[in-house]
Amino acid sequence: MTTTAPVDDGLYMRRALDLARRGWGHTAPNPMVGAVVVRGREVVGEGYHVRYGSEHAEVMALRAAGERAQGATVYVTLEPCAHTGHTPPCTEALIRAGVHRVVVAIRDPHPIAAGGLDRLQAAGILTTVGPESAAARELNAAFLYALHADRPWLTLKLALSLDGAARDAARSRGWLTGEASRAEVHRLRASSDAVAVGIGTALVDDPLLTVRAAAPPRVPPLRIVFDGTARLPLTSRLARSVAEGPVCVVTRAPDPDRAARLAAAGVEVLVAANLADALRTLRARGIRSLLVEGGPRLAGAALAASVVDRLIIFQAPLLLGAGADSAFAFAPAVALPDARRVPVMARQAFGDDLMTIYGLSEP
């Protein structure tokens, strides 16, 4: 049977979520999962999914607990799997260990892996579902979204001044935000299958878009430039760094000569009729999560197409004044009575900057 959640369940599940986050950038296309084994009120075992293809969190936690797992409660951020994949079913490990109760934050909607709770209940193990479910869904939003969507889970990241500008009137190169904010952006890149900018940003800033100020991910993200006519210079840092990770130019009407030269340099040229078509093509080739880092035209196109799932704004304590480029200059106009109040998912300071995460959709 399924029981209701005692007060302590949230405490132990939050610890399991903290453990799950240690797999950041290494578990995709599998989810990040953490597990805690509790006997009485003592934590006797912990584990998390370290890397794609490695043993699951429950197995690690049970091994750490040893014989103390007998009669214990196990907290897992995602329903234990009931199938054999790279590893045996976690449900069978829990049954063999003799645990008394299993608490999960969310059920696993994957059509192959689901059914673990039913298997546990059939073996006489008590189960509870729901503690910290919102945090668990947010942690693995891209994984959950990919199970039913034909495009990647899209996060739009923008760095703004206090007056909402992405760049000053002189179009100067340089950073709006501080070093701590930029390190957090690198961490966000590490958990993304792909990172994208528009051609305007690529031409002005000449970004590299690699993960440097964070722990390197298991697979380097695909670096994408949305570039209508394939103008990305062969001398750009992106075109010259294909050995460090793949680079793709998404274009509507490429100049044949420029496209051929980019391809010869190792840059993939992907022709798509529009943004929605491009996102469907990227999802079909395995891109589940996409971090869009600007600029204003690409941000406006994504907002207009209603494909932004999370909006992350890093606001720097600067005023750029008249003539500065608004970060939302190309976003669709909305009358005040019709404007939607977007839920705030999280806020955090990074040095003098303030990061705010807005939730535009559900995974």
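The values are calculated or read from the model by the stated rules, or taken from the named source; none is laboratory data. As the structure is a prediction and not an experimental result, all values here were calculated from the model. Every residue, glycine as well, gets a Cβ built from its backbone with ideal geometry; the counts of neighbours run over all protein chains shown. These area figures cover heavy atoms from the full protein model, side chains too; ligands, DNA and RNA do not enter into them. Shrake-Rupley method; radii C 1.70, N 1.55, O 1.52, S 1.80 Å.
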Filter result (within 18 Å of the chain's Cα centre (by Cα), β-branched (Val, Ile, Thr) and in a loop (DSSP other than H, G, I, E, B)) within the stretch 265-301: ILE287
Residue selected from the stretch 174-189 under the condition more than 22 Å from the chain's Cα centre (by Cα) and open to solvent by 40 Å² or more (accessible area, probe 1.4 Å), by the criterion nearest to VAL211 (Cα to Cα): TRP175
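Take VAL33 and decide whether it is at pLDDT 95 or above and over 25 Å from the mean Cα position of the chain (by Cα).
On the way: at pLDDT 95 or above: yes; over 25 Å from the mean Cα position of the chain (by Cα): no.
Criteria not met by VAL33.
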Yes/no for VAL219 being in a strand (DSSP E or B) and modelled with pLDDT of 95 or more: no
Hey, ARG171 of a type outside the set (S, T, N, Q), open to solvent by less than 60 Å² (accessible area, probe 1.4 Å), farther than 30 Å from THR73 by Cα and at pLDDT below 95 or not: no
Scan of the stretch 197-224 for residues that are over 19 Å from the mean Cα position of the chain (by Cα), under 22 Å from ASP325 (Cα atoms) and of a type outside the set (Gly, Ala, Ser), ordered by number: ILE199, THR201, LEU203, VAL204, ASP205, ASP206, PRO207
Test: residue in the stretch 248-257 that is touching a helix residue (DSSP H, G or I) at 6+ places or on another chain (Cβ under 7 Å) and outside any strand (DSSP E or B): no
Any hit, the stretch 77-91, residues being modelled with pLDDT of 95 or more, open to solvent by 40 Å² or more (accessible area, probe 1.4 Å) and either on the phi > 0 side of the Ramachandran plot or out of contact with any Lys or Arg (no Cβ under 9 Å at 6 or more places or on another chain) (or both): no
Matching residues in the stretch 323-363 - criterion: being open to solvent by less than 60 Å² (accessible area, probe 1.4 Å) and part of a strand (DSSP E or B): ASP325, SER326, ALA346, PHE350, ASP353, MET355, THR356, ILE357, TYR358, GLY359
Some residue of the stretch 120-131 being in contact with a Leu (Cβ under 8 Å, 6 or more places away or on another chain) and surrounded by fewer than 18 Cβ atoms within 10 Å (Cβ to Cβ): yes
